[in-house]
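Novice: Sharing a structure with you now.
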Amino acid sequence: MSHIIVVIGAQWGDEGKGKIVDLLAERFDIVARYQGGHNAGHSVYVGDQSYVLHLIPSGITHRGKTCVLGNGMVIDPKAFFQEADRLIEQGLEVTPERVMVSSRAHLILPYHRALDHTSEERLGNERVGTTLRGIGPAYEDKAGRRGIRVADALVSDVLRSRIERNVEDANRIILAYGGQTLDVEQVFEETSSLVERLAPFIADTTHFLNRAAREGRSILIEGAQATLLDVDHGTYPFVTSSNTTAGGASIGTGLAPHRINGVLGIVRTYTTRVGEGPFPTEMIAGEAELGQLIRERGREYGASTGRPRRCGWFDAFATRYAAEINGFTSVALTKLDVLDALDEIKVCIGYNLDGRSLEYFPAVAQDLRRVEPVYETLSGWKTLTEGITQMDALPAAARRYIDFLSAQIGVGIGLVSTGPERAQTILVHDSPLGAWLKG
Ligand code: GDP
Ligand code: IMO
Ligand code: MG
C-alpha cells in the first residue's frame, strides 16, 4: 500500500513545517502542496545552505523527488520564477522533470496584489494583517467563478478576455480608494510571457498523483499556514483564505480522503502569530520581555514578510481543537531548544469566559479576545537541549514537559526537534511516525 501522509501546522503557522517536510521527504517519492501560495515561508537548513520555500514544496532539497504544486493552490507566476531562479542559483534542480504545476491551480495576477492592499486599507483597525501577496483576492475570484486557472492562461483569447474584465473591475475598486490603477495591456503582456515560461511545468497533477498512489508510490503532502488560519475552522476573519486543515489536502490534490493514511501535526513548544487577530496566550504587558526573549532565541521573524512574530505560551486548548479537526495520528514537536533558558514554563490548559470554563474552542473572534487562559506552570530545565538526538539524553524536566503536552493534546509524539537542522532531531521509533518512516 502506498503511504500518503499529510503534514499540518497545528497553531497559527511557522511551526517548522519546512524543516520536518525536508527531513521526511527522503522517505517519500513525491512532495505536494495543496493550498495557499507564496504567503507561506518555509525555512530549511541543509548543512551550510539555507533555503526559504514559498511556493515550491520543501522536498525540492532532495534530488530525484518530484514536487507538485496542487490544484488547490494560488500561484503568482512571477513569484514562482523568482523563487525557482534563486533556488537554481543555490544549486537545486528546479526543472519541469521535477516540478509540476497543476493546470487547475489559480493564478495570482498583479490586480490581486493591488486589491489585497486596498482591502487592508479599507479595513483600517480591523485589518487582517495579510502578507499582501494577493492570496485573498485570488481565492475570491476562484469562488466567484471569475478566476483564471493555469490551463486557461495557455489559451491567449481566454486569457485576454478574462484579464480585460477582471482588470476593469479591479480598477473601479482601486480608483474608488485612491490607488494606482492597472493597465490591461501591460498585465496581459506580462502574464502571457510568464505563462509561456511556465508551460513546460504545467500538468494534470490530479491524474499524476492518483496514478502514483495506484502504483504504490509514497506521497508527502505539505500544508502551509496552519489550522487556526483555516478559512472555516480558524479564528475568522483573522485567517487566510484557504482550507489549511487535513480535509483540504484531499480537495487540493484530488486524492480521495481514504487514500490518506496519516496526519502529522506540527506543534511548536510555544505559540506565535503574525498579523492581527486574537491570541489568548500572547506574552504581552508584564510578559513582554519574555516574549522578546523567545522571539530572539527562536528567531521569530516572518520568513515571507520579515515581520516580528507575536510570541506566547503553548496553548493546549487550541492545539486539542487542532488535533480533533485534523485527526492527528502523530505529532512532531518543534523548537524545544528555544525554551532552554526559561525557569518556568506556562501551558494554557483551558479557557474561561465570563466566569465559565469553555468546552469548545470559541467560534467568534470577539469571544476569543476576551477569554482568560487557565495556566498550569511547569518547571524549566535550564540546560542546553540544542542538537540532542535521543529522548533519554534530554533533561528530566524537558521530558516531563513533552509528556505533559502530549497528554494535553491527546496524541503521541513521533518526533522532537531540537534545532533547525535535519540532524537536530529526536525520532521516536516506537510511534506511528517511526513506523511510516521504516515502512
Ligand atoms: P514553517 O512556516 O512552519 O515551515 O516554519 P518557518 O520556517 O516559517 O519557521 C520556523 C523557523 O524555526 C525556521 O527558521 C526553522 O529553521 C526554525 N526551526 C525549526 N525547527 C526548529 C527547532 O527545533 N529549533 C530551532 N531553534 N529552530 C527551529
Ligand atoms: P507558513 O506556511 C504565518 C497569516 C498572515 C495574516 C493571515 C492572512 O509559513 O506557516 P494572507 O496573506 O494569507 O491572506 O494573510 O494569515 N499568514 C501566515 N502566518 N505563517 C504563514 O505561512 C502565513 N501565511 C499567512 O500573517 O495574518
Ligand atoms: Mg513560515
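Novice: What number of residues within segment 307-319 are more than 14 Å from ligand 3 (Cβ to nearest atom), touching a residue at least 60 places away in the same chain (Cβ under 8 Å) and either touching a Phe, Trp or Tyr at 6+ places or on another chain (Cβ under 7 Å) or not in a strand (DSSP E or B) (or both)?
Specialist: Of the residues in segment 307-319, 5 are more than 14 Å from ligand 3 (Cβ to nearest atom), touching a residue at least 60 places away in the same chain (Cβ under 8 Å) and either touching a Phe, Trp or Tyr at 6+ places or on another chain (Cβ under 7 Å) or not in a strand (DSSP E or B) (or both).
Novice: Now, a different point. For segment 14-43, enumerate the residues that are within 16 Å of ligand 3 (Cβ to nearest atom), of a type in the set (D, E, K, R) and closer than 23 Å to Asn210 by Cβ.
Specialist: Hit for segment 14-43 is Arg33, nothing else.
Novice: Let me ask you something else. Which pairs do you get when a residue that is under 16 Å from Met391 (Cβ atoms), found in segment 320-340, comes within reach of a residue that is among the acidic types (Asp, Glu) and within 16 Å of ligand 2 (Cβ to nearest atom), reach meaning Cβ atoms under 7 angstrom, with the pair 6+ apart or on two chains?
Specialist: Matching pairs, first to second residue: Thr334/Glu15.
Novice: Six or more apart or on different chains, Cβ under 7 Å: which pairs go from a residue in segment 81-108 that's closer than 13 Å to Ala199 by Cα to one that's in a loop (DSSP other than H, G, I, E, B) and open to solvent by 50 Å² or more (accessible area, probe 1.4 Å)? Could you list them?
Specialist: Pairs found: Ser103/Asp204.
Novice: Picking from Thr206, Thr235, Thr244, which residue would you name as being open to solvent by 10 Å² or more (accessible area, probe 1.4 Å) and either in the same structural domain as Ala10 (by TED's automatic domain parsing) or among the aromatic types (Phe, Trp, Tyr) (or both)?
Specialist: Thr206
Novice: Let me ask another. If I ask for residues that are touching a residue at least 12 places away in the same chain (Cβ under 8 Å) and either within 16 Å of ligand 3 (Cβ to nearest atom) or more than 20 Å from Asp183 (Cβ to Cβ) (or both), which ones from segment 109-125 would you list?
Specialist: Within segment 109-125, the subset touching a residue at least 12 places away in the same chain (Cβ under 8 Å) is 109-122.
Answer for segment 109-125, where residues must be touching a residue at least 12 places away in the same chain (Cβ under 8 Å) and either within 16 Å of ligand 3 (Cβ to nearest atom) or more than 20 Å from Asp183 (Cβ to Cβ) (or both): Ser119, Glu120, Glu121, Arg122.
Novice: If we keep just the residues of segment 44-68 that are open to solvent by less than 10 Å² (accessible area, probe 1.4 Å) and more than 14 Å from the chain's Cα centre (by Cα), which is farthest from ligand 3 (Cβ to nearest atom)? Break it down stepwise before answering.
Specialist: If we filter segment 44-68 for residues that are open to solvent by less than 10 Å² (accessible area, probe 1.4 Å), which is where we start, we get 44, 53, 55-60, 67-68.
Applying the additional criterion that residues be more than 14 Å from the chain's Cα centre (by Cα) yields 59-60, 67-68.
Details: Gly59: 16, Ile60: 16, Cys67: 17, Val68: 20 Å.
Checking each candidate, the answer is Val68.
Novice: Next question, about the same structure. Of Asp354, Asp337, which residue is in contact with an Asp or Glu (Cβ under 8 Å, 6 or more places away or on another chain) and assigned by TED's automatic domain parsing to the domain that holds Ala407?
Specialist: Matching residue, one of Asp354, Asp337: Asp337.
Novice: Go through the residues of segment 258-271 one by one and say whether even a single one is more than 11 Å from ligand 2 (Cβ to nearest atom), in the same structural domain as Ala79 (by TED's automatic domain parsing) and without any contact (Cβ under 8 Å) to a residue 24 or more places away in the chain.
Specialist: The answer is yes; a qualifying residue exists.
Novice: Tell me which residues, restricted to segment 295-306, are modelled with pLDDT of 95 or more and within 16 Å of ligand 3 (Cβ to nearest atom).
Specialist: Arg295, Gly298, Arg299, Glu300, Tyr301 - these are the residues of segment 295-306 that are modelled with pLDDT of 95 or more and within 16 Å of ligand 3 (Cβ to nearest atom).
Novice: Being of a type in the set (Gly, Ala, Ser) and within 16 Å of ligand 1 (Cβ to nearest atom) narrows it down to one of Gly277, Gly247, Gly302, Gly254, so name that one.
Specialist: Only one candidate qualifies: Gly302.
Novice: Would you check which residues across segment 3-26 are away from ligand 2 (no atom under 11 Å from the Cβ) and open to solvent by 10 Å² or more (accessible area, probe 1.4 Å) and list them?
Specialist: Matches in segment 3-26: His3, Lys19, Leu23, Glu26.
Novice: Which residues, counting only those in segment 127-160, are open to solvent by 60 Å² or more (accessible area, probe 1.4 Å) and either more than 16 Å from ligand 2 (Cβ to nearest atom) or at pLDDT below 95 (or both)?
Specialist: Passing the criteria: Arg145, Arg146, Arg149, Leu154, Val155, Ser156, Asp157, Arg160.
Novice: Val263 - would you say it is away from ligand 3 (no atom under 16 Å from the Cβ) and open to solvent by less than 20 Å² (accessible area, probe 1.4 Å)?
Specialist: Yes.
The values are calculated or read from the model by the stated rules, or taken from the named source; none is laboratory data. As the structure is a prediction and not an experimental result, all values here were calculated from the model. Glycine gets a Cβ as well: all are built from the backbone with ideal geometry, and neighbour counts include every protein chain shown. All accessible areas refer to the heavy atoms of the entire protein, side chains included, with ligands and DNA or RNA removed. Shrake-Rupley method; radii C 1.70, N 1.55, O 1.52, S 1.80 Å.
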